[in-house]
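Worksheet: the structure to be examined is printed underneath.
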Amino acid sequence: MKLPRSSSSVGALVSLTAFVSMSTTTTDAFLPVSKTTNLVSTTSSTRSDISFTSASRSTRLFYDIQRDPPNENVWSILANTERWIASTLKDADEKSGPQGTNPLSRKEVSYVCETSQDPAMILANIFRKLKEARQLGETHGQEQEELAQEQENHNRATLRQTQVLVIPANEDLNDFQVFDQLINAINEARRAARDYITDHSLERIDEKLYGDDNGDDREWVVSVNCAHLHPKFGEKTPEQQLKELQEEEEQGEVDLNLQEYKERRLLARRSPYPSVVVEVRSMAPPEFTPPPPTAPQTPQAVEDFDQDEAPGDGKDKDESVDSEFIQQLEALFSKSSLQNEGGDGFYDSIGSHIETFSSVTPLMVAQNWIDENDPLFDVSKCAFTVSEATHVDEAYEFLFTNLAMQTSQFLESTATQEAGAQKRQYLVMPHFLSNSATSMEKFATQAVNIIRTLPPVRNRIDVSVLHPEHIDPEKRCPVPVFVLQWKD
């Protein structure tokens, strides 16, 4: 029995077609590993980066790290992942047609090895990659629009890039059920973010309404997808296996072709290590053809109007305007000039056009309010962090980075706990969802759902929200604040 060509194993790779590493290289050192492989040592972030082009004969592994690598050999991890991707794409090419027809084999795939073992830091780095993918797509659109303005015949190019984030160091994520729930929770939070009323979206609306946006820069369509690969991808729990057997008994027959197709799909996503695939696509917005111009209409002649219809004869809803009404309006608008007869109009006019600046920052406002209204506030056991984030992916990165500070203190070191470390953390975000307390609550709910997927911290963290428009008067802080409370 043969399967159709559309059932090739590459279909389960979730379109490995996006993203490139955005780290800044400072030093390069080339170390030969084999006849077709070169290692490049760079220093810029906290991960190991490799760049791979399947269409080329040689491969370069870009590696940069600032923390100690795990016990496993990072180089072998990256090489194994590269070989698995190359083998999968090669098999897909052979089964789908002539060599090179698979579009994935003609695109660059960059790899990043996440060496952290902290689950919260891994979460923060996943959202950082999603943020960088979005920023890459937006920057590409702006550059293409600038080129289109400079060159009349410039064809706007579509950006499609891929990045694979390999996560070999965390033992909890080696369990497929945990890893699958984590990625599903991340994608669910990203889908829920479409309904948030962010400050950035309100600024864009103001630009369009009040003329700040001249219309020259078109908004490109930037889509960022997140999928996952795992050595045990598709592994089912005993409950799921029992349910599947019951469904097969109810159906009475088994489609062998369908079973083989599903098995090949699962094999195409069983990578050597738990991995996250981030893909970005940035393309120009569609151009809509304007409607055809309509013929000009001849205005109605004055003679055609009914002369008997007067404004004040009851047929028109608007009342007639007489001289007495005009005098009342003149008297009303002249009062403002009569009220300031005793003052100095020159200095008053200058003062009305001087902008005042306050030295009080949002962090200071939040600290003063929390000091007076939060009964759990303790100077010796609380910390404040401020962020200028406006996008949802930036806010998640900021949230889980601060959570990683707590997990590094309370999960790994008992001495830190005895010393009375800061167990309550206030995350001040003055420019994030400041106009919608409902969006803030939804964001916090999604953050809790993500935290609940991590076994080490699922029952150790409480998340609460303070907002100027909170339904509870006791939580109406002048500045939006997230509160992370570590539980013993």
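Of everything in the range 421-435 that's part of a loop (DSSP other than H, G, I, E, B) and open to solvent by 10 Å² or more (accessible area, probe 1.4 Å), which residue is nearest to residue 178 (Cα to Cα)?
Going through the range 421-435, the residues part of a loop (DSSP other than H, G, I, E, B) turn out to be 421-423, 429-435.
Right, trim to open to solvent by 10 Å² or more (accessible area, probe 1.4 Å) and you get 421-423, 430-431, 434-435.
Details: 421: 29, 422: 28, 423: 26, 430: 34, 431: 33, 434: 33, 435: 35 Å.
So, considering only residues that are part of a loop (DSSP other than H, G, I, E, B) and open to solvent by 10 Å² or more (accessible area, probe 1.4 Å), the one nearest to residue 178 (Cα to Cα) is 423.
Within the range 445-462, none of the residues are among the aliphatic types (A, V, I, L, M), modelled with pLDDT under 90 and out of contact with any helix residue (DSSP H, G or I) (no Cβ under 9 Å at 6 or more places or on another chain).
Kindly provide the set of residues from the range 439-467 that are open to solvent by 10 Å² or more (accessible area, probe 1.4 Å), part of a helix (DSSP H, G or I), among the polar types (S, T, N, Q) and touching a residue at least 24 places away in the same chain (Cβ under 8 Å), ordered by number. Once the filter is applied, which keeps residues that are open to solvent by 10 Å² or more (accessible area, probe 1.4 Å), part of a helix (DSSP H, G or I), among the polar types (S, T, N, Q) and touching a residue at least 24 places away in the same chain (Cβ under 8 Å), the range 439-467 yields 446, 449. Does residue 135 qualify as being farther than 24 Å from residue 78 by Cα, surrounded by fewer than 23 Cβ atoms within 10 Å (Cβ to Cβ) and out of contact with any Phe, Trp or Tyr (no Cβ under 9 Å at 6 or more places or on another chain)? It is true that residue 135 is farther than 24 Å from residue 78 by Cα, surrounded by fewer than 23 Cβ atoms within 10 Å (Cβ to Cβ) and out of contact with any Phe, Trp or Tyr (no Cβ under 9 Å at 6 or more places or on another chain). The C-beta contact set for the range 165-179 (first residue open to solvent by less than 10 Å² (accessible area, probe 1.4 Å), second residue of a type in the set (Lys, Arg) and not in a loop (DSSP other than H, G, I, E, B), distance under 9 angstrom, 6+ apart or interchain) comprises 165/47; 165/129. Scanning the range 111-167 for residues that are outside any loop (DSSP other than H, G, I, E, B) and either touching a Pro at 6+ places or on another chain (Cβ under 6 Å) or of a type outside the set (A, V, I, L, M) (or both) yields a count of 28.
Report yes if residue 114 is out of contact with any helix residue (DSSP H, G or I) (no Cβ under 9 Å at 6 or more places or on another chain) and of a type outside the set (Gly, Ala, Ser), otherwise no. Here the answer is no, as residue 114 does not meet what is asked.
For the range 233-255, does any single residue satisfy the condition of being part of a helix (DSSP H, G or I), open to solvent by less than 80 Å² (accessible area, probe 1.4 Å) and of a type in the set (S, T, N, Q)?
Of the range 233-255, the ones part of a helix (DSSP H, G or I) are 238-251.
Applying the additional criterion that residues be open to solvent by less than 80 Å² (accessible area, probe 1.4 Å) yields 244, 248.
Filter again for of a type in the set (S, T, N, Q), leaving none.
No, the range 233-255 contains no residue that is part of a helix (DSSP H, G or I), open to solvent by less than 80 Å² (accessible area, probe 1.4 Å) and of a type in the set (S, T, N, Q).
Applying the selection to the range 468-483, what residues are surrounded by 17 or more Cβ atoms within 10 Å (Cβ to Cβ) and touching a residue at least 60 places away in the same chain (Cβ under 8 Å)? Once the filter is applied, which keeps residues that are surrounded by 17 or more Cβ atoms within 10 Å (Cβ to Cβ) and touching a residue at least 60 places away in the same chain (Cβ under 8 Å), the range 468-483 yields 477, 479, 481, 482.
Only residues that are surrounded by 15 or more Cβ atoms within 10 Å (Cβ to Cβ) and not aliphatic (A, V, I, L, M) were counted across the range 256-268, and they come to 3.
As for the range 207-221, it holds at least one residue that is on the phi > 0 side of the Ramachandran plot and open to solvent by 50 Å² or more (accessible area, probe 1.4 Å).
Scanning the range 261-278 for residues that are touching a strand residue (DSSP E or B) at 6+ places or on another chain (Cβ under 6 Å) and of a type in the set (Lys, Arg) yields a single hit, 269.
The values are calculated or read from the model by the stated rules, or taken from the named source; none is laboratory data. On a predicted model such as this, the values are computed, not experimentally measured, just so you know. Heads up, the Cβs are rebuilt from the backbone with ideal geometry, glycines too, and the neighbour counts pull from every protein chain shown. Ligands, DNA and RNA are excluded from the accessible area calculation, which covers all protein heavy atoms including side chains. Shrake-Rupley method; radii C 1.70, N 1.55, O 1.52, S 1.80 Å.
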